[in-house]
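Student: I'd like to ask some things about the structure below.
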Amino acid sequence: MSLFLRIFLTFWLAAILLAGSFFLLGRYSGSEAIERTEAILEGQAEVVAALWLDAGRRATRNWFSQQNRRHRPQLVDEQGLSPFLRHRGRDKPWLRSPVTAGVKQLKFGRVAVVVALPGVSPPLYLVKQLDLGHMHRLPLLVWVLIAIVIIGLVSYALAKVLSRRIRLLRSAAQVISAGNLTARVTITGSDEISALAKDFNLMAERINEMMASQRQLVSDVSHELRSPLARLRIALGLAERAEDPSLSLMRIEKEADELERLVTDLLSLARIESGQSKMDRQPVPMCELLKSIVSDANYEGKDHRRSVLLESCDEATVMGDPVLLHAAIENVVRNALSYTPEGSSVFIRLQRHERELAITIDDQGPGVPEDALARLFEPFSRVAESRDRHSGGYGLGLAITGRTLLAHGGKAVAENRPAGGLRVILTLSVE
């Protein structure tokens, strides 16, 4: 049951309980008023019967005129007529005939209490009408207190249920804020608070994964920086002792270039992940972009007799940053060119499917273990020895590709080809 429906029904329950309590108390107080009136009328009936039988009509009428008008009963016969007015042309029945003793229901919620005069024949009756004002004789303060108690009890039950579950969320939030990212909330149900608890757990899981990823990234960066820095230190030591330091200086220049490339890739990855890298979105003709990348890759692969072939290309235009898209696709192509055997080719296809395009890049290398495919687009991902960093990479290029595709509303996936080699599929939305 949803939280909205629960609160809505709780208020209705309070209203129903309140109305029922008022009704029952009204009935209870009304029955007391009827019993009290019957007792009074029975005593008055004995007095009126004695006057009627001993002193006559005039004395009886005088007795009625002496009674308080507000509490004065009426005397009627079996036809509901007053025995004092029937000979003066002003006869008006007080009750429907035939009149009998008891409690009679009248219109507008009124009742009539009827008591027979003992020993009088033909029979006469004392009649007293009670209206709603006479029925509900409980003081206003009592009704107010009853309403406060009922509404308070229902509100307390609702507040206790809601606050208990919210306190569980608050306690878990305090545990997480203290640094324990493994805290979770266990709240069952299908209302909004249960949905909030599920979202809270999902958020906590995501934060935990991000922090673990950040710690791993810091560890990997430290490890990657240690190797070129160590080689720089060795090269500097050799240069200091060598008569001809030119070779050592070339080595120093190479290690400095590698450090610069690593730092540049790290900065690019950080900017894309944080959203600080503002994308210059504009129409990008994908076939022209792929042809430019293929041309550059073929120039690089000449020395090792490796080539890149654009097998097919459906015309498509993507709204995106041309620089980021170029770098993302080029990273995959250069990675494939590094691992494909000498004398073989990398195959590229661009296929459009309605409002989506897929760029498929196939190499003929050794492939990737199945358990490493999902981690291929993570920073510093480790795969098999056959595809390690002997090519000179640090595992950041594919990570940049994955983040760039996500920033453009697409995705990057990898799978092993049945015939051997790795297949990378890049998907993007087409405007």
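The values are calculated or read from the model by the stated rules, or taken from the named source; none is laboratory data. No experiment lies behind these values; they were computed from the predicted model shown. Methodologically, a virtual Cβ is constructed for each residue, glycine included, from the backbone with ideal geometry; neighbour enumeration extends over all protein chains shown. In case anyone asks, the SASA skips ligands and DNA or RNA and just uses the protein heavy atoms, side chains included. Shrake-Rupley method; radii C 1.70, N 1.55, O 1.52, S 1.80 Å.
Student: Suppose we filter segment 231-253 for residues that are closer than 24 Å to Val218 by Cα and either of a type in the set (A, V, I, L, M) or surrounded by 13 or more Cβ atoms within 10 Å (Cβ to Cβ) (or both); how many remain?
Tutor: Counting residues in segment 231-253 that are closer than 24 Å to Val218 by Cα and either of a type in the set (A, V, I, L, M) or surrounded by 13 or more Cβ atoms within 10 Å (Cβ to Cβ) (or both) gives 2.
Student: Does Pro283 satisfy being touching a strand residue (DSSP E or B) at 6+ places or on another chain (Cβ under 7 Å), surrounded by 14 or more Cβ atoms within 10 Å (Cβ to Cβ) and in contact (Cβ under 8 Å) with a residue 40 or more places away in the chain?
Tutor: Judged against the criteria, Pro283 is not a match.
Student: In segment 220-230, what count of residues is obtained for those that are at pLDDT 70 or above and surrounded by fewer than 16 Cβ atoms within 10 Å (Cβ to Cβ)?
Tutor: Qualifying residue count for the region: 5.
Student: If you don't mind, there's one more thing I want to ask. Report yes if Val161 is of a type in the set (A, V, I, L, M), modelled with pLDDT of 80 or more and either assigned to a loop (DSSP other than H, G, I, E, B) or open to solvent by 40 Å² or more (accessible area, probe 1.4 Å) (or both), otherwise no.
Tutor: No.
Student: Cβ-Cβ below 6 Å, separation at least six or inter-chain, first residue in segment 359-370 and touching a residue at least 12 places away in the same chain (Cβ under 8 Å), second of a type in the set (Gly, Ala, Ser) and open to solvent by 10 Å² or more (accessible area, probe 1.4 Å): which pairs?
Tutor: Between residues of segment 359-370 that are touching a residue at least 12 places away in the same chain (Cβ under 8 Å) and residues that are of a type in the set (Gly, Ala, Ser) and open to solvent by 10 Å² or more (accessible area, probe 1.4 Å), the close pairs are Gln364/Ser344; Pro366/Ser386; Pro369/Ala384.
Student: So, Glu38, is that one among the charged types (D, E, K, R), at pLDDT below 75 and either open to solvent by 50 Å² or more (accessible area, probe 1.4 Å) or touching a helix residue (DSSP H, G or I) at 6+ places or on another chain (Cβ under 7 Å) (or both) or not?
Tutor: no
Student: Can you tell me which residue among Phe64, Phe22 is more than 30 Å from Gly152 (Cβ to Cβ), open to solvent by less than 80 Å² (accessible area, probe 1.4 Å) and either touching a helix residue (DSSP H, G or I) at 6+ places or on another chain (Cβ under 9 Å) or modelled with pLDDT of 85 or more (or both)?
Tutor: Step by step, each of Phe64, Phe22 is checked, and only Phe64 is more than 30 Å from Gly152 (Cβ to Cβ), open to solvent by less than 80 Å² (accessible area, probe 1.4 Å) and either touching a helix residue (DSSP H, G or I) at 6+ places or on another chain (Cβ under 9 Å) or modelled with pLDDT of 85 or more (or both).
Student: Tell me, please, whether a residue that is over 24 Å from Ala358 (Cβ atoms) and at pLDDT 85 or above can be found in segment 292-299.
Tutor: Yes.
Student: Specify which of the listed residues (Ile176, Ile207) is part of a helix (DSSP H, G or I), open to solvent by less than 50 Å² (accessible area, probe 1.4 Å), modelled with pLDDT of 80 or more and under 30 Å from Arg375 (Cβ atoms).
Tutor: Going through Ile176, Ile207 in turn, just one is part of a helix (DSSP H, G or I), open to solvent by less than 50 Å² (accessible area, probe 1.4 Å), modelled with pLDDT of 80 or more and under 30 Å from Arg375 (Cβ atoms): Ile176.
Student: Can you confirm whether segment 351-360 contains a residue that is closer than 26 Å to Leu262 by Cα, open to solvent by less than 40 Å² (accessible area, probe 1.4 Å) and in contact with a strand residue (DSSP E or B) (Cβ under 8 Å, 6 or more places away or on another chain)?
Tutor: The answer is no, given that none of the residues of segment 351-360 is closer than 26 Å to Leu262 by Cα, open to solvent by less than 40 Å² (accessible area, probe 1.4 Å) and in contact with a strand residue (DSSP E or B) (Cβ under 8 Å, 6 or more places away or on another chain).
Student: How many residues does segment 286-306 contain that are farther than 19 Å from Leu426 by Cα and either in contact (Cβ under 8 Å) with a residue 60 or more places away in the chain or part of a helix (DSSP H, G or I) (or both)?
Tutor: Number satisfying all stated conditions: 9.
Student: In segment 313-350, what residues are closer than 16 Å to Ser295 by Cα, in a helix (DSSP H, G or I) and open to solvent by 20 Å² or more (accessible area, probe 1.4 Å)?
Tutor: Of everything in segment 313-350, those that are closer than 16 Å to Ser295 by Cα, in a helix (DSSP H, G or I) and open to solvent by 20 Å² or more (accessible area, probe 1.4 Å) turn out to be His326, Ala327, Glu330, Asn331, Arg334, Asn335, Ser338.
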